[in-house]
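Take a look at the structure set out below.
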Amino acid sequence: MFRRYKTSADIPESAVKSHRRFYGIVMDVSDGDTIRVHHTPFTSWSRPAQKPKKLSDCTISVRLSAVDAPEVSHFGKPAQPLSKEAKDYLAAQILNKRVSIRPLAKDQYGRLVATVTYRQMLFIKKNAAHEMLKQGLATLYRGGNAQYDGEKDLLENIEANAKKAKRGIWGLKKGEYESPAEYKRKHK
């Protein structure tokens with residue numbers, strides 16, 4: 001595990017299937033459920049000296065497992081309500097920080113689907129997907145090939161608590177909210 005993975009394509013299928021954890025620095029937050037990570041193997045603990053011009057050539061695209069955040073504006077499609085807040089919240093938690101990546105699968109776009117954890121105040125370990133659900137800034141992903149890392153019941157409970165408390169997307173008025181899955185189907 002001393003070789004640096006530049007992109008998702010560099011990660012061998014055996015590492016994904018074995019769920020072999022690795023570490024990296026979050027270089028970019030694309031939206032509320034996708035990040036770009038600079039892999040930092042044991043021999044290389046530092047981040048790149050400067051932000052590369054093309055992150056797609058030297059970072060791993062990681063999709064947070066189990067969650068679906070509101071869609072940001074792209075390809076001429078409008079943004080969903082609270083998509084900026086979801087992206088900003090995730091960025092405030094992990095951008096430029098060291099994270100632990102537990103690979104679960106690769107999706108149809110070649111992104112690594114993974115459990116992403118990080119430290120807050122040295123001793124407190126947080127799961128990024130849990131935090132997005134708690135804040136009501138993501139829904140539980142129920143689509144094909146959903147990856148829950150053995151935590152489906154826990155994740156459903158976290159989502160139910162956010163709904164009950166009307167946090168984030170769950171606090172929107174009727175008709176303002178459309179799940180990310182519904183939005184994607186509608187805007188294909």
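The values are calculated or read from the model by the stated rules, or taken from the named source; none is laboratory data. Treat the numbers as computed from the prediction; the structure is a model and nothing was measured. Every residue, glycine among them, receives a Cβ derived from its backbone with ideal geometry; neighbour counts consider all protein chains shown. Only protein heavy atoms, including side chains, enter the accessible area calculation; ligands, DNA and RNA are left aside. Shrake-Rupley method; radii C 1.70, N 1.55, O 1.52, S 1.80 Å.
Can you tell me how many residues within the stretch 29-71 are surrounded by fewer than 20 Cβ atoms within 10 Å (Cβ to Cβ) and modelled with pLDDT under 95?
19
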### Query
Does the stretch 162-188 hold any residues that are open to solvent by 80 Å² or more (accessible area, probe 1.4 Å) and either touching a residue at least 24 places away in the same chain (Cβ under 8 Å) or within 23 Å of residue 117 (Cα to Cα) (or both), and which are they?
163, 166, 167, 176
### Task
Identify the residue in the stretch 72-89 that is assigned to a loop (DSSP other than H, G, I, E, B) and at negative phi and, among all such residues, is surrounded by the most Cβ atoms within 10 Å (Cβ to Cβ).
80
### Task
Could you grab me the full set of residues in the stretch 118-146 that are under 15 Å from residue 158 (Cβ atoms) and not in a loop (DSSP other than H, G, I, E, B)?
126, 127, 128, 129, 130, 131, 132, 133, 134, 139, 140
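Given the options 128, 105, 146, 114, name the one that is in contact with a Ser or Thr (Cβ under 9 Å, 6 or more places away or on another chain) and at pLDDT below 95.
Exactly one of 128, 105, 146, 114 is in contact with a Ser or Thr (Cβ under 9 Å, 6 or more places away or on another chain) and at pLDDT below 95, namely 146.
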### Message
Residues to consider are 109, 183, 177; find the one that is more than 19 Å from residue 37 (Cβ to Cβ) and assigned to a loop (DSSP other than H, G, I, E, B).
### Response
177
